[in-house]
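Below: one structure, written as structure tokens.
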Amino acid sequence: MRRDFAAMKALNPRYRVDAVNRQTIIDDEKRARLAAALRENLKRRKAQARARRVEEGPAQDEAPLAQAGPDRS
């Protein structure tokens, strides 16, 4: 079965569009997966940071910042 070159040429753009659409869908899915992974990573890192703060205990009372007295403006 020999196909006519003109017939193949006529079909080619459709396949190209399908391939581009398929690639766009794949790219969108990849972006969604990466975004979800990034969100999960951020949640995990925040939880780790909170846990570290709890382990360290309350911070030592530092000297209070100098406050302006009533004679200062």
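The values are calculated or read from the model by the stated rules, or taken from the named source; none is laboratory data. Computed from a prediction, not measured in an experiment: that's the story for all the values here. These area figures cover heavy atoms from the full protein model, side chains too; ligands, DNA and RNA do not enter into them. Shrake-Rupley method; radii C 1.70, N 1.55, O 1.52, S 1.80 Å.
Residue-wise, which Karplus ³J(HN,Hα) couplings in Hz belong to the stretch 18-26, taking 6.51 cos²θ - 1.76 cosθ + 1.60, θ = phi - 60°, and x for glycine or proline?
My calculation for the stretch 18-26 gives 4, 5, 5, 4, 4, 5, 4, 4, 4 Hz in order.
Taking the full set of protein chains and a 1.4 angstrom probe, give the accessible area of Arg52 in square angstrom, rounded to the nearest 10.
It works out to around 130 Å².
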